[in-house]
Every structure is written in C-alpha cells, then in structure tokens.
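Heads up, the thing below is written out as structure tokens.
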Amino acid sequence: MILFDPDAEKPFEASFDGCFPYKDASASKLICQGWAISLNAAFCVLDELCRPPYPRTVSQERLRELLSEWAAGPDHPLKAPVLHAANALIDDAPLVWEQGVELMKQVGSYDSQRAALGIVYFASDCDSTEGNEALTETDKEIRERWDARGV
C-alpha cells in the first residue's frame, strides 16, 4: 500500500472537503477511492467521518455504518489505533492526553500520515495545560520532521 501520494490526494480531498455525502451511496465510493489512492487518503476520508461539520446533520448511527465500511479496508499497523481515536471523536469521549501523545508518536513513525495525526490530535483531551502543551508539541515535532525530510 502506498503511504501517501500528494498529487492524487489533494484533488481527492478537495472533492469532498466540507461537503462529504454522508447520506448517500457516493460516501461508500469515496471510502473505496481513499483506500485505493493511499493510506493518507484513506485517513482523509476517516477524518471526515469522525469530524463532520457543525452542526452535525448526520446521525451517529450513519457515522457508525460508514466507519464499519472504512474499517473493512486493507490492514495496516495504524488502522486500529487511529480507528480507536476516530471512535473516541464520534462518541465525544476524548482519549487521555498521554495516550494521545503515544498514538501520535506511533503515527509519526510512518511518513506523511497527516490526516491520521490530525484525527489522533483532535481525539485527545487537551483541557489541561500540560496535556495541551504535550499534544501541541508532539504534533509540531512530527510535522517538522516530515517537512524536513520532504514527506
């Protein structure tokens, strides 16, 4: 599986950013397309599923159906932990910040998984000063490392 393909991911993500078709069959097609493009593209779709625009106009039940479809995609070591974070977002049950930092480091070990990193970041509890600083610093370090390597 290709980890990332910026040339294919940018137009793909732009095709649904802010207007994901949660309620119709084209949602399933986008899930399949994401997996076919790259791991990061698949995580871009997952990000839309677990962080729908406010106010939420799609039911939690429908989000769960789409999450199940997404979860049927190819296996990868990041799939389960990031899916766990996505479920935390849908359930509005934040991960403790320490767990978020550890998951972010796991994501950071794979090049350019920016969508996955964002999912874990937003799924983590940043209500405490310590947690907010740790999450923000971990996110910054990972993104800077990817940028320095051109990925």
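The values are calculated or read from the model by the stated rules, or taken from the named source; none is laboratory data. From a predicted model like this one, the values you see are computed outputs, not experimental measurements. Cβ atoms come from the backbone with ideal geometry, glycine included; neighbour counts cover every protein chain shown.
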Report whether or not residue 99 is in contact with a Pro (Cβ under 8 Å, 6 or more places away or on another chain), in a helix (DSSP H, G or I) and surrounded by fewer than 21 Cβ atoms within 10 Å (Cβ to Cβ).
no
So residue 57 fits all but one of (1) in contact with a Phe, Trp or Tyr (Cβ under 8 Å, 6 or more places away or on another chain); (2) modelled with pLDDT of 95 or more; what number is the exception?
(2)
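If you check 125, 91, 111, which single one turns out to be without any contact (Cβ under 8 Å) to a residue 40 or more places away in the chain, touching a Phe, Trp or Tyr at 6+ places or on another chain (Cβ under 7 Å) and surrounded by fewer than 24 Cβ atoms within 10 Å (Cβ to Cβ)?
Every option except 125 fails the conditions.
Results for (1) within 18 Å of residue 14 (Cα to Cα); (2) of a type in the set (Asp, Glu); (3) out of contact with any Asp or Glu (no Cβ under 8 Å at 6 or more places or on another chain), shown as yes or no for each residue.
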| residue | (1), (2), (3) |
| --- | --- |
| 26 | yes, no, yes |
| 50 | yes, no, yes |
| 55 | no, no, yes |
| 68 | no, no, yes |
| 90 | no, no, yes |
| 111 | no, yes, yes |
| 132 | no, no, yes |
Those residues of the range 69-96 which are assigned to a loop (DSSP other than H, G, I, E, B), of a type outside the set (Gly, Ala, Ser) and within 17 Å of residue 2 (Cα to Cα), in sequence order
74, 75, 76, 77, 78
Could you check residue 138 against (1) touching an Asp or Glu at 6+ places or on another chain (Cβ under 6 Å); (2) crowded, with 18+ Cβ neighbours inside 10 Å; (3) over 11 Å from residue 46 (Cβ atoms) and say which number it fails?
(1)
